[in-house]
Amino acid sequence: MDRKGIILLAVALLLATTAGWAAYSYLEKSGANRAQNDTTPVVVAVRDLTFGTRLETEHLAVANFPKSAVPRGAYAVLDSVLGQTSKVFLVEGEAVLSSKLSSVGGGLSVMVTPSMRAISLQIDQITGVSGFVLPGDRVDVLVTIDNAGGSGVAVTKTALQDAEVLAAGTTTEEKSKRTITTQAVTLLVTPVGAEAVALGQAQGKIHLVLRNPVDHELVNVQPTDTRTILGIKPQKSAPAPAPRRNEKRTVAKTAAAPTPAPPPPVAPAVAKPVPPSFTIIRDGNITKQNPATEAKPNP
């Protein structure tokens, strides 16, 4: 091939390459524009966030979602959600929705429903189901109080049933040169239930009983005491010993009704003196006469 042919071939290849590159660039730009027109910006979480987190710029980012996949209540700009508090757990990449945020309060308070209360208690590995109590679980609360049924007789009572666990965390502290791990659990209870838990913590010991999350049945459970567990019947009180003979007289005298006091003496009635009477015989007539009356003839 002569030099002229080589030049023509090189020019043809250059033109073909340029045309291909121009076509590719055009198609890519068109596809990008088309994809951009089919998506919308959505505010998402950049990492896992627990409930009660006050949202700041370091917690959020903006991602493009297909318009057909944008959930209801999503936000398009960061300023729409800054300063609000999450009511639920948010995972990385999850869209931040209005139903998952609260503009009032912060922290755990946003999880407390109206007319309910949140109360925290400390449990150990034994009383807390070996640390398997997690937020969202349902538990029963048992209270054990020593000497509640008498000397040496402890009583256990189910104080709460089907209580929701709002939060659970583990803390470590040093006691007597030993490391003790305790778990703090926060429960959602009624005001009456809060009083029962507070009294149980002050007077006895608290145990948590884990239950199935779909089991909401409330069971009528009677208190259990030490005698019931050991199968010991309550002892009847012994009768009082019979008193001795001398003691009988003393008891009789003591038990006898008191003798009523005699009535005061009544002064005897004083008889009025009878005035003397006189008999007068005059001219054959007999007449009786009192000093205060006139003489009347005696027929």
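The values are calculated or read from the model by the stated rules, or taken from the named source; none is laboratory data. All values reported here derive from a predicted model rather than from experimental measurement. Every residue, glycine among them, receives a Cβ derived from its backbone with ideal geometry; neighbour counts consider all protein chains shown.
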**Q.** Every residue from the range 89-143 that is exposed (fewer than 12 other Cβ atoms within 10 Å of the Cβ), at pLDDT below 90 and in contact with a helix residue (DSSP H, G or I) (Cβ under 9 Å, 6 or more places away or on another chain)
**A.** Val104
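Can you name the residue in the range 133-172 that is part of a strand (DSSP E or B) and polar (S, T, N, Q) and, of all such residues, is nearest to Val185 (Cα to Cα)?
Step one: list which residues in the range 133-172 are part of a strand (DSSP E or B), which gives 138-145, 155-172.
Checking which are polar (S, T, N, Q) leaves us with 144, 156, 158, 161, 170-172.
Values: Thr144: 18, Thr156: 20, Thr158: 17, Gln161: 15, Thr170: 9, Thr171: 11, Thr172: 14 Å.
Only one residue fits best here, namely Thr170.
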